[in-house]
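Down below is the structure, laid out as structure tokens.
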Amino acid sequence: MHYSIGIADYELVLRIGCHPGERLHKQPVYYSVELSVLGNAHDTDDINDAPNYYSLSEAVKSQCESKEYALLERLCYDIGQLYLSDERVIEVVVTVHKPEALPNAQSASVTMSFLRD
């Protein structure tokens, strides 16, 4: 069975920006992710048969908040790779939003898709 898991607007607080001054202070960014999953958790009703999206999101938080990024593209890539670490995840679509990145926009964003080989 193929199904999807979604996480919307997960907040990370980290140092990010092209200009060194942007990285002086941590700032919030938000990511959303759609995971395509192969599995049978619908039959077994067992957490061990499904990706643990709580653990995966905590791993993203821990690893990404400990780094410094210049580009949203690199952050988005790192998030996608971490979600693909669960072998049941066959595809990941990640969107990262940086609020107030542009003076006349609510946010700037990057979206990437990852497909397991």
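List of remarks:
- Stretch gain in nm, segment N40-R116, where the contour uses 0.36 nm per residue and the Cα spacing is subtracted: 25.5 nm
- Among C76, C64, C18, residue whose mean-square fluctuation peaks in a GNM of the chain (springs only between Cα atoms under 10 Å): C18
- The range 64-117 and the range 1-38 have Cα centres lying 5 Å from one another.
- Residue of G21, G39, G80 that the Gaussian network model of the chain assigns the largest fluctuation, springs spanning Cα pairs under 10 Å: G21
- Expected 222 nm ellipticity per residue - DSSP helices of 4 or more, -39500 (n - 2.57), all of the chain, to 500: -7500 deg cm²/dmol
- Here the chain is scanned for GluC sites (Glu not before Pro) in DSSP loops (not H, G, I, E, B) that have at most 16 other Cβ atoms within 10 Å, and the longest stretch holding none of them is 1-86.
- Dividing the convex hull volume of the alpha carbon atoms of the chain by its residue count gives 93 Å³ per residue.
Coordinate-derived values only; no laboratory data. Predicted model, so just to flag it, every value in this text is computed and none were measured. Note: ideal-geometry Cβ built from the backbone for every residue, glycine included; neighbour counts use all protein chains shown.
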